[in-house]
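First the structure, in the form of structure tokens, and then the observations on it.
Please treat every number below as a calculation from the coordinates, not as lab data. Here the structure is a predicted model, which is why all the values come from computation and not from measurement. No Cβ is skipped: glycine too gets one built from the backbone with ideal geometry, and neighbour counts run over all protein chains shown.
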2 protein chains.
Amino acid sequence: MRSLPHPARESLTLAPVLHALGDPVRLELVRRASGSPGSTCAVLADGLDVPMSTLTNHWRILREAGVITMTVDGRHRRIQVRRDDLDERFPGLLDPILRLAADE
Amino acid sequence: MRSLPHPARESLTLAPVLHALGDPVRLELVRRASGSPGSTCAVLADGLDVPMSTLTNHWRILREAGVITMTVDGRHRRIQVRRDDLDERFPGLLDPILRLAADE
């Protein structure tokens, strides 16, 4: 398994994280990933009516903002929400967003 | 004074609000507006190195997402953060974001 490039925790900034979460599809992907750590991109996107190229772009935006890590595992790509990093850098941010996303 | 069109509280959704806040300039404008209710656009943008047309677009995005109201007062446009509406629709969202924005 190898990990794609990810920004270091200390370099994360608030606006890109909010931007990454500020899209209905990305918000749903993060909500699902948060509840199923280590799931594959394919499983997390199941049932979403979004072209593969758009999904690839969504995952890249989430990765570059520091919201998720993506690990290449053979033919699969596995996703982890960077909960510890986000909670350390932005205390009190992620939990309400995930809770509100689940309520919508 | 007249108010521009604004979405009703019950029609506000999370992703557009996060998108609206997910830009460094818009986040700073909202942070300032939150601390100075009823200020004019010109005062709130003071010192930001952003073209007027870009600022106009930022205020529109914030207004259409439901983050602010904009009122025309003669030649001025006055801004209010929709704190009550946001707190009612998205409990626990705005305060941590404003606090984290102030810390950066």
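Search the stretch A:1-40 for residues being among the β-branched types (V, I, T) and crowded, with 21+ Cβ neighbours inside 10 Å, and hand back the single one that is nearest to A:D103 (Cα to Cα).
Top of the filtered list is A:V30.
Considering only residues that are in contact with a helix residue (DSSP H, G or I) (Cβ under 8 Å, 6 or more places away or on another chain), more than 12 Å from chain A (Cβ to nearest Cβ) and touching a residue at least 60 places away in the same chain (Cβ under 8 Å), which ones fall in the stretch B:1-14?
Listed by number, the residues that qualify are B:L4, B:H6, B:R9, B:E10.
Give just the number: which of (1) within 14 Å of chain B (Cβ to nearest Cβ); (2) on the phi > 0 side of the Ramachandran plot; (3) loosely packed, with under 14 Cβ neighbours inside 10 Å does A:G47 not satisfy?
Unmet for A:G47, out of (1) within 14 Å of chain B (Cβ to nearest Cβ); (2) on the phi > 0 side of the Ramachandran plot; (3) loosely packed, with under 14 Cβ neighbours inside 10 Å: (1).
Given the residues B:A102, B:A42, B:A15, which is the only one that is over 25 Å from A:A65 (Cα atoms) and in a helix (DSSP H, G or I)?
B:A42
If you take the residues in the stretch A:55-99 that are more than 20 Å from A:A45 (Cα to Cα) and surrounded by 16 or more Cβ atoms within 10 Å (Cβ to Cβ), which one is farthest from the other protein chains (Cβ to nearest Cβ)?
This residue is A:D85.
Please enumerate the residues belonging to the stretch B:49-80 that are more than 24 Å from A:R89 (Cβ to Cβ), outside any helix (DSSP H, G or I) and of a type in the set (A, V, I, L, M).
Of everything in the stretch B:49-80, those that are more than 24 Å from A:R89 (Cβ to Cβ), outside any helix (DSSP H, G or I) and of a type in the set (A, V, I, L, M) turn out to be B:V50, B:I68, B:M70, B:V72, B:I79.
Cβ-Cβ under 8 Å, sequence separation 6+ or interchain: first residue in the stretch B:15-40 and free of Cβ contacts under 8 Å to residues at least 24 places away in the same chain, partner among the small types (G, A, S). Which pairs?
Sorted first by the residue in the stretch B:15-40, then by its partner, the pairs are B:A15/A:G22; B:L18/A:G22; B:G22/A:A15; B:G22/A:A20; B:G22/A:G22; B:P24/A:A15; B:R32/B:S39.
When you check B:V25 against the structure, is it touching a strand residue (DSSP E or B) at 6+ places or on another chain (Cβ under 8 Å), assigned to a helix (DSSP H, G or I), within 14 Å of another protein chain (Cβ to nearest Cβ) and β-branched (V, I, T), yes or no?
No; evaluated as a whole, the condition is false for this residue.
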